[in-house]
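The values are calculated or read from the model by the stated rules, or taken from the named source; none is laboratory data. As the structure is a computational prediction, the values presented were derived from the model and not from experiment. Surface areas here come from the heavy atoms of the whole protein model, side chains and all, with no ligands, DNA or RNA. Shrake-Rupley method; radii C 1.70, N 1.55, O 1.52, S 1.80 Å.
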Amino acid sequence: MIRMSMIAGLALLGSAGVALAGPMSNPPSERTICIDVGGQSLPAVCKVPSSRLDKREDFCLCHEGVKVTAPVCGPGQKAPAENITYEKARREAARDGSLIGDLYKGQPMCVAARDPLSNN
């Protein structure tokens with residue numbers, strides 16, 4: 001009987017730990033993008049929640065190019081314009097697999113948040 005109580009107690013503590021962990025941030029602070037060898041942006045194929053309010057991406061694949069983590073632009077920020085100099089800078093910055101913390105002309109190399117209504 002004591003063993004059964006201990007097992008139930010441990011299970012309860014384990015489930016409480018999961019509840020304390022909480023959900024992933026919504027809206028997310030980063031996204032997965034794909035870039036090719038020249039630094040051009042390619043489409044990523046992502047599994048996303050079915051909710052129109054949830055902007056998270058569960059996981060993403062790149063059928064072409066390299067998978068890179070990029071920060072989502074904050075309020076009042078815009079993603080840098082796509083041009084040759086930005087693509088070259090992004091290619092160099094993405095060598096470590098991430099654009100988080102990287103700057104282009106003093107601005108973060110961020111991407112727009114996913115718009116659930118347009119499936120991008």
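From the set of residues in the range 37-66 that are within 17 Å of residue 110 (Cα to Cα) and within 11 Å of the chain's Cα centre (by Cα), which is most open to solvent (accessible area, probe 1.4 Å)?
Going through the qualifying residues, I end up with 55.
Only one of 89, 16, 79 is modelled with pLDDT of 70 or more, open to solvent by 40 Å² or more (accessible area, probe 1.4 Å) and not in a strand (DSSP E or B); which?
After applying the criteria, what remains is 79.
Of all residues in the range 45-76, which are among the charged types (D, E, K, R) and part of a loop (DSSP other than H, G, I, E, B)? Write out each step before concluding.
So in the range 45-76, the residues among the charged types (D, E, K, R) come out as 47, 52, 54-58, 64, 67.
Listed by number, the residues that qualify are 52, 54, 55, 56, 57, 58, 64.
Look through 95, 114 and report the one residue that is within 17 Å of residue 31 (Cα to Cα), among the basic types (Lys, Arg) and assigned to a loop (DSSP other than H, G, I, E, B). Give the derivation first.
Values: 95 fails: assigned to a loop (DSSP other than H, G, I, E, B).
Just one listed residue meets the conditions, 114.
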